[in-house]
Amino acid sequence: MASFKLGRMVMRSLFKKPATLMYPVIQREWQERTRGHIENEIDECIFCGICQKKCPANALTVDKISKSWTIARMQCIQCSCCIEVCPKKCLKNMNIYTSPSTEKVVDRYVGSPQESKPVPKAAPEEENEAVGEKVL
Ligand code: SF4
Ligand code: SF4
């Protein structure tokens, strides 16, 4: 009985269109909520590193000193954990997949350097001496 059912299923499948697409030759229609790939609006990022700590796939590297945010595309599982925890809401899930590649794709985003703040000028020497005398 089971083999009869299986045979019927095989025969039906022979004349049906395949359920899969020849990706990437044939692109599917992306849905609005497709979890494709993560993008960072790097100018909003404060390099706090929370996304890196929460990433279950270790796909993120944040470097506060060099102001860089790096994602290993082939490690990312599109879980959106990083998006949920980001305090600046600068991460987005785009609805297009990263293009297929034979190599591991790593994307590095670098923030613009902070505007330099004016350094307070040292007081003239005479004033310093005067203060020093007062304290003594
Ligand atoms: S959590 Fe958001 S603000 Fe913090 S480093 Fe990640 S992307 Fe930048
Ligand atoms: S979507 Fe998930 S796996 Fe991908 S970088 Fe964010 S936290 Fe990591």
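The values are calculated or read from the model by the stated rules, or taken from the named source; none is laboratory data. Model, not experiment: these values are computed from the prediction. For neighbour counting, all protein chains shown are included, and Cβ atoms are generated from backbone atoms with ideal geometry for every residue, glycine included.
Looking at segment 22-35, can you tell me whether even one residue there is surrounded by 14 or more Cβ atoms within 10 Å (Cβ to Cβ) and either at pLDDT 90 or above or more than 16 Å from ligand 1 (Cβ to nearest atom) (or both)? Outline the logic, then answer.
Within segment 22-35, the first condition is being surrounded by 14 or more Cβ atoms within 10 Å (Cβ to Cβ), and the residues that meet it are 34-35.
Still in the running and either at pLDDT 90 or above or more than 16 Å from ligand 1 (Cβ to nearest atom) (or both): 34-35.
Checked against the condition, which is being surrounded by 14 or more Cβ atoms within 10 Å (Cβ to Cβ) and either at pLDDT 90 or above or more than 16 Å from ligand 1 (Cβ to nearest atom) (or both), segment 22-35 yields at least one hit.
If we scan segment 70-84, do we find a residue that is among the basic types (K, R) and either surrounded by 14 or more Cβ atoms within 10 Å (Cβ to Cβ) or touching a strand residue (DSSP E or B) at 6+ places or on another chain (Cβ under 9 Å) (or both)?
yes
Of the conditions (1) in contact (Cβ under 8 Å) with a residue 24 or more places away in the chain; (2) within 11 Å of ligand 1 (Cβ to nearest atom), L60 clears all except one; give me its number.
(1)
Looking at (1) touching a Gly at 6+ places or on another chain (Cβ under 8 Å); (2) among the aromatic types (F, W, Y); (3) farther than 20 Å from V110 by Cβ, can you tell me which one F47 breaks?
(3)
Among the residues of segment 29-51, what is the count of those that are at positive phi and part of a helix (DSSP H, G or I)? Walk me through it before giving the result.
Looking only at segment 29-51, we keep the residues that are at positive phi, and these are 47, 49.
Narrowing further to those that are part of a helix (DSSP H, G or I): none.
Of the residues in segment 29-51, 0 are at positive phi and part of a helix (DSSP H, G or I).
Looking only at segment 66-92, count how many residues are over 11 Å from the mean Cα position of the chain (by Cα), over 12 Å from V110 (Cβ atoms) and more than 9 Å from ligand 2 (Cβ to nearest atom).
Matching residues across segment 66-92 total 4.
Quick one: is R12 away from ligand 2 (no atom under 16 Å from the Cβ), outside any strand (DSSP E or B) and surrounded by 11 or more Cβ atoms within 10 Å (Cβ to Cβ)? Step through it out loud before you land on a result.
Numbers: away from ligand 2 (no atom under 16 Å from the Cβ): yes; outside any strand (DSSP E or B): yes; surrounded by 11 or more Cβ atoms within 10 Å (Cβ to Cβ): no.
Spelling it out, it is not the case that R12 is away from ligand 2 (no atom under 16 Å from the Cβ), outside any strand (DSSP E or B) and surrounded by 11 or more Cβ atoms within 10 Å (Cβ to Cβ).
Within the set of pairs 6+ apart or on separate chains, which have a first residue in segment 21-41 that is basic (K, R), a second that is in a loop (DSSP other than H, G, I, E, B) and exposed (fewer than 12 other Cβ atoms within 10 Å of the Cβ), and C-beta atoms under 6 Å apart?
R28/L21
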